[in-house]
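A.B. asks: Sharing a structure with you now.
The values are calculated or read from the model by the stated rules, or taken from the named source; none is laboratory data. This structure is a prediction, so every number in the text was calculated from the model and none was measured. Neighbour counts are summed over all protein chains in view; Cβ atoms, including those assigned to glycine, are modelled from backbone coordinates with ideal geometry. SASA here: full protein model, heavy atoms, side chains in, ligands and nucleic acids out. Shrake-Rupley method; radii C 1.70, N 1.55, O 1.52, S 1.80 Å.
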Amino acid sequence: MLEKTYSPAQVEPRHYEKWEQSGAFAADTTSNRQPYTIMMPPPNVTGSLHMGHALTFTLQDVLIRYRRMSGRDALWQPGTDHAGIATQMVVERQLEAQKVTRHDLGRDKFVERVWDWKAESGGTITRQLRRLGASPDWAKERFTMDEGLSAAVRKVFVTLHRQGLIYRAKRLVNWDPKLHTAISDLEVEQREVKGHMWHLKYPVEGIDNTYIIVATTRPETMLGDSAVAVHPEDERFAHLVGKHVRLPICNRLIPIVADEYSDPTKGTGAVKITPAHDFNDFQVGSRHDLPLINVFDRDARTNDEVPEGYRGLDRYDARKKIVAAFEEMGLLEKIEPHTHMVPYGDRSGVVIEPWLTDQWFVDAATLAKPAIEAVETGKTRFVPKHWENTYYEWMRNIQPWCISRQIWWGHQVPAWYGPDGTFFVEETEAEAKAAARAHYGKDEPLVRDADVLDTWFSSALWPFSTLGWPEKTPELARYYPGDVLVTGFDIIFFWVARMMMMGIHFMGDVPFKDIYIHALVRDEKGQKMSKSKGNIIDPLDLIDKYGCDALRFTLSALAAQGRDVKLAEGRVEGYRNFATKLWNAARFCQMNQCHPVDGFDPKAVKETVNRWIVGKTAETAARVGTSIETYRYDAAAGGAYQFVWGTFCDWYLEFAKPIFNGADEAAKAETRATAAWVLDQILHILHPLMPFITEELWEQLASRGEALMLRPWPVLDGLADAGAEAEMDWVVRVISTVRAVRSEMNVPPSAQVDLLVAGLTSEKAAWAATHADLITRLARLSAFDRQAEASRIAQASSHGAAQMVVDEATLVMPLSGVIDVDKERARLDKEIARLDGEIAKVDKKLGNADFLARAPEEVVAEQRERRAEWATAMEKLREALERLSGA
RNA sequence: GGGCGGUUAGCUCAGCGGGAGAGCACUACGUUGACAUCGUAGGGGUCACUGGUUCAAUCCCAGUACCGCCCA
């Protein structure tokens, strides 16, 4: 016998271990089944499970469990990425506690330390994923720094370099002066900052007492100015174009140039140009062939390019000193408060400095072209579709991708430099040496490029590198391209776009057919969860409190397309209640000997209730399946919830009670078998959403040969039964009507009352006879007179009775002495008025010649039918009111 | 400034050309042997606003307002 309540904490680990150890998660490369592949977006190895992970992995697991049950050879490929900067920072922080820097250790020792850290702490998130019930093929787990994946990275780098799609160049990059590395545009966060606009006077050379005033938010960069720009059509400055200013402090002559970059409406209309420290100025500089004067070192301190007395200063100290000097010289026109956007490194939190360095770049624009086309032609499809706009927008304006990073943890650039700076890009050192020998005609010492590659470079290869590429493995042939990528919109640029580029370039085919973009998880007020706001909900806490299935079901139910997921704990509680409801329904079945019957054929059931529930079950299985296939998780969860609670528990099990307590042994046996069958189907249907409780019930309700998670998804054709549905719908309507009137007329639930029925059609009279027990019990009747004499109806009514109409039948509930006749009259009046209103609305439509002429026939017929039904009901209610007049 | 999304019951959200829906919350009643993590019943909405298309608009189109996100 099942326990009184379900205890997730005891059940979950047990099933998870069983599944994992039995190999239930594993794909079968040798099977004949059609593969279904999901590449898990590898979480950061330093990460721990947050609500965003819980959502994305729940959605992926729902898909993979459903497809596995549906007979596909399901591969959910798991793994983690090495998160270059983040991981290096974690280990550096540990070293810092021991007062050691990575430079003290040296590169090799440091990297060794990182691997040690990874071995010890890198498994946190994969352990937590197990608590979520995730069912990836753990045996295939990969790490972006694995030997195989690293080989793929080298191969891709060398190939792209040979194709001219990777090159080395001196360019401005986003330099992080704290981490001492370049970072990508995407890792730069633009923050609104309240700063100042300094107006500086630059003396025009050769004209006494004439100044040009430039406005800047970064006065310290004036040390690197190489021009002043004004708009070509700005008449205020036209006479100065071509002249020079003498740059204060530096005492350098720099030209005044005309360039449309200068906005006459902003600031003073003249703008200082610092090509080595500003991306826009860099463009202006290249248009006018201006020198690039780099005035900062890697710490963003002033270097030796600047005048003595200003060297070796932090950029903010330099700013103070320069502003003071301008003021002293009388060259500071004014200072205005100014709010503007300032770039910050998202990892280090310091202000990013555009800085001129040698870096490796990928020609992303070339790789983007076929990736754009793949979406345009529908080879890859975004769901919801509108996300393709975001993708196009970025891909069509894509910049060269800076892939080198000045850190130690990651894939070291496979390039070796000879003594004269010539470099050799090869997959191995031996090959580089050979290439160098060919170049120099003799062996020369080579030095490997110290930089490592952006983590996203290796992540971009994930859909094929994890399958063994560049080897031609059976996995690669079988599981590429993947069926769907499930991820959040925040990663479209970082990752999705790059996988598309690399997948198409190296595999000749897109990496996945669908890209399902889900929303962000927010708190119940719609705010982003963040540590600083203190509104973080830990998914593991919710699992502890309500069980994993409740959390999974909640996230699925809230995952409506195109909406953020606003998570309130109350929702989780509600779905925990749903789990309890299911548990108790199973318990009820068990108590009533509803055991699965071998060879049970749902098509062969005879009792109407059973034909009805069997049909509804089939409908639900199909609906939930279709919903999952179309990524309508909310509909899948809603459909299952509605059926289990609203149909199976609320009605079917209630209908079963009188049968179980009755004398018809055949009906009893059939109903027991049917209930057991339906419950089993429910367990199948709910399994992708709620794997643990369903597996537990599956195990406890009967002795089974296999785990539920490996059972086939129910395909139940030919079970729809319109007749049974019409019949049971009528029964439900009769019971609901009686209950509603009882409640409204304040008939206590404990009071059993008679019900007299008149005017049933012969079909419905038969239904009433069949279901007399059900109606009697569920409407709490003492007697159910299905063919009441007119005289008895009249007599009951005149003594005071509640009367109702269901279709063409009149139901009378004698309440002599109990009922408030005026109240009943009022109730009937109100009902009549309501019908009157409805009829008037329909009449208006039917009276419209255009409607009759232009609306489809079915619509017109439907309106007529509706009118007839309401008219009948109104007629019956009028008669009821009439009968009441004597009371 | 450019782009995208949203505005439907107190809250969170479905629906999306022909009778306004769900869950939660709320109110009343209720322990009838699965379940109070429950049952039964009920109240609650000019579907943001203004125009247009249509026989018919919450739904399609245009505009307005407000909210959110992304990019510059």
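A.B. asks: Which pairs have Cβ atoms under 7 Å, sit 6 or more apart or on different chains, and link a residue in region A:1-30 that is hydroxyl-bearing (Ser, Thr, Tyr) to one that is away from RNA strand B (no atom under 16 Å from the Cβ) and assigned to a helix (DSSP H, G or I)?
C.D. replies: A:16/A:130; A:29/A:474; A:29/A:475; A:29/A:478
A.B. asks: Take the residues in region A:148-170 that are among the charged types (D, E, K, R) and within 19 Å of residue A:448 (Cβ to Cβ), then tell me which one is surrounded by the most Cβ atoms within 10 Å (Cβ to Cβ).
C.D. replies: The qualifying residue surrounded by the most Cβ atoms within 10 Å (Cβ to Cβ) is A:154.
A.B. asks: Do we find that residue A:90 is assigned by TED's automatic domain parsing to the domain that holds residue A:499, open to solvent by 10 Å² or more (accessible area, probe 1.4 Å) and closer than 18 Å to residue A:347 by Cβ in this structure?
C.D. replies: So residue A:90 passes the test.
A.B. asks: Now, a different point. If the requirement is being open to solvent by 30 Å² or more (accessible area, probe 1.4 Å), touching a residue at least 60 places away in the same chain (Cβ under 8 Å), not in a loop (DSSP other than H, G, I, E, B) and not assigned by TED's automatic domain parsing to the domain that holds residue A:646, which of these qualifies: A:763, A:725?
C.D. replies: A:725
A.B. asks: To continue, here is another question. Kindly indicate whether residue A:829 is part of a helix (DSSP H, G or I) and more than 8 Å from RNA strand B (Cβ to nearest atom).
C.D. replies: Yes.
A.B. asks: A further question follows. Just one of the numbered conditions (1) surrounded by 15 or more Cβ atoms within 10 Å (Cβ to Cβ); (2) near RNA strand B (Cβ under 8 Å from one of its atoms) is not true of residue A:854; which one?
C.D. replies: Answer for residue A:854: the failing condition is (1).
A.B. asks: Okay, next question. Tell me, which residue of region A:857-872 that is more than 22 Å from residue A:805 (Cβ to Cβ) and within 10 Å of RNA strand B (Cβ to nearest atom) is least open to solvent (accessible area, probe 1.4 Å)?
C.D. replies: My answer is A:860.
A.B. asks: Quick check: anything in region A:679-692 outside any helix (DSSP H, G or I), surrounded by fewer than 22 Cβ atoms within 10 Å (Cβ to Cβ) and away from RNA strand B (no atom under 11 Å from the Cβ)?
C.D. replies: There is no residue in region A:679-692 that is outside any helix (DSSP H, G or I), surrounded by fewer than 22 Cβ atoms within 10 Å (Cβ to Cβ) and away from RNA strand B (no atom under 11 Å from the Cβ).
A.B. asks: Mind listing whichever residues of region A:730-750 are open to solvent by 60 Å² or more (accessible area, probe 1.4 Å) and more than 9 Å from RNA strand B (Cβ to nearest atom)?
C.D. replies: Hit for region A:730-750 is A:733, nothing else.
A.B. asks: If you check residue A:358 against the conditions, is it touching a Lys or Arg at 6+ places or on another chain (Cβ under 8 Å), of a type outside the set (Lys, Arg), in contact (Cβ under 8 Å) with a residue 60 or more places away in the chain and open to solvent by 20 Å² or more (accessible area, probe 1.4 Å)?
C.D. replies: Against the criterion (touching a Lys or Arg at 6+ places or on another chain (Cβ under 8 Å), of a type outside the set (Lys, Arg), in contact (Cβ under 8 Å) with a residue 60 or more places away in the chain and open to solvent by 20 Å² or more (accessible area, probe 1.4 Å)), residue A:358 qualifies.
A.B. asks: I'm trying to understand the selection: among the residues of region A:68-126, which are among the aromatic types (Phe, Trp, Tyr) and out of contact with any Pro (no Cβ under 7 Å at 6 or more places or on another chain)?
C.D. replies: A:110, A:115, A:117
A.B. asks: Within region A:565-621, restricting attention to residues that are within 30 Å of residue A:526 (Cβ to Cβ) and among the hydroxyl-bearing types (Ser, Thr, Tyr), which residue is nearest to RNA strand B (Cβ to nearest atom)?
C.D. replies: Here the answer is A:580.
A.B. asks: For residue A:560, all conditions in the list (1) modelled with pLDDT of 90 or more; (2) small (Gly, Ala, Ser); (3) outside any helix (DSSP H, G or I); (4) within 6 Å of RNA strand B (Cβ to nearest atom) hold save one; what is the number of the exception?
C.D. replies: (1)
A.B. asks: A further question follows. What about residue A:582, is it in contact with a helix residue (DSSP H, G or I) (Cβ under 8 Å, 6 or more places away or on another chain), more than 13 Å from residue A:633 (Cβ to Cβ) and at pLDDT 90 or above?
C.D. replies: Yes.
A.B. asks: Go through (1) open to solvent by 40 Å² or more (accessible area, probe 1.4 Å); (2) without any contact (Cβ under 8 Å) to a residue 24 or more places away in the chain; (3) within 13 Å of RNA strand B (Cβ to nearest atom) for residue A:635 and report which single condition fails.
C.D. replies: Every condition holds for residue A:635 apart from (1).
A.B. asks: Cβ-Cβ distance below 8 Å, separation of 6 or more or different chains: which pairs start in region A:398-423 with a residue that is more than 27 Å from residue A:110 (Cβ to Cβ) and free of Cβ contacts under 8 Å to residues at least 12 places away in the same chain and end on one that is open to solvent by 10 Å² or more (accessible area, probe 1.4 Å) and part of a loop (DSSP other than H, G, I, E, B)?
C.D. replies: No pair meets every condition.
A.B. asks: If you take the residues in region A:539-553 that are near RNA strand B (Cβ under 10 Å from one of its atoms) and in a helix (DSSP H, G or I), which one is nearest to residue A:635 (Cα to Cα)?
C.D. replies: A:550
A.B. asks: Output the number of residues of region A:495-533 satisfying the condition of being of a type in the set (Lys, Arg), more than 12 Å from RNA strand B (Cβ to nearest atom) and touching a residue at least 40 places away in the same chain (Cβ under 8 Å).
C.D. replies: Selection size over region A:495-533: 2.
A.B. asks: Do we have residue A:173 as at pLDDT below 90, open to solvent by 20 Å² or more (accessible area, probe 1.4 Å) and within 16 Å of RNA strand B (Cβ to nearest atom) here?
C.D. replies: No; evaluated as a whole, the condition is false for this residue.
A.B. asks: With the requirement that a residue be without any contact (Cβ under 8 Å) to a residue 12 or more places away in the chain and not in a helix (DSSP H, G or I), what does region A:584-606 give you?
C.D. replies: A:598, A:599, A:601, listed by residue number.
A.B. asks: Is it the case that some residue within region A:632-655 is within 30 Å of residue A:486 (Cα to Cα) and not in a helix (DSSP H, G or I)?
C.D. replies: Checked against the condition, which is being within 30 Å of residue A:486 (Cα to Cα) and not in a helix (DSSP H, G or I), region A:632-655 yields at least one hit.
A.B. asks: Here is a list: A:385, A:369, A:442, A:379. Which entry is within 16 Å of RNA strand B (Cβ to nearest atom) and either in a loop (DSSP other than H, G, I, E, B) or closer than 30 Å to residue A:279 by Cα (or both)?
C.D. replies: A:385
A.B. asks: Which members of region A:288-340 meet the condition of being among the hydrophobic types (A, V, I, L, M, F, W, C), free of Cβ contacts under 8 Å to residues at least 40 places away in the same chain and within 12 Å of residue A:224 (Cβ to Cβ)?
C.D. replies: Scanning region A:288-340 gives no hits.
A.B. asks: Next question. Give region A:293-325 a look and list any residue that's in contact with a strand residue (DSSP E or B) (Cβ under 6 Å, 6 or more places away or on another chain), part of a loop (DSSP other than H, G, I, E, B) and open to solvent by 70 Å² or more (accessible area, probe 1.4 Å), or say none.
C.D. replies: Of everything in region A:293-325, just one residue is in contact with a strand residue (DSSP E or B) (Cβ under 6 Å, 6 or more places away or on another chain), part of a loop (DSSP other than H, G, I, E, B) and open to solvent by 70 Å² or more (accessible area, probe 1.4 Å), namely A:311.
A.B. asks: Next question. Being of a type in the set (D, E, K, R) and within 22 Å of residue A:640 (Cβ to Cβ) is the requirement here; does residue A:754 meet it?
C.D. replies: no
A.B. asks: Any chance region A:833-843 includes a residue that's under 46 Å from the mean Cα position of the chain (by Cα), over 29 Å from residue A:742 (Cβ atoms) and either assigned to a loop (DSSP other than H, G, I, E, B) or assigned by TED's automatic domain parsing to the domain that holds residue A:794 (or both)?
C.D. replies: Yes: region A:833-843 contains one or more residues that are under 46 Å from the mean Cα position of the chain (by Cα), over 29 Å from residue A:742 (Cβ atoms) and either assigned to a loop (DSSP other than H, G, I, E, B) or assigned by TED's automatic domain parsing to the domain that holds residue A:794 (or both).
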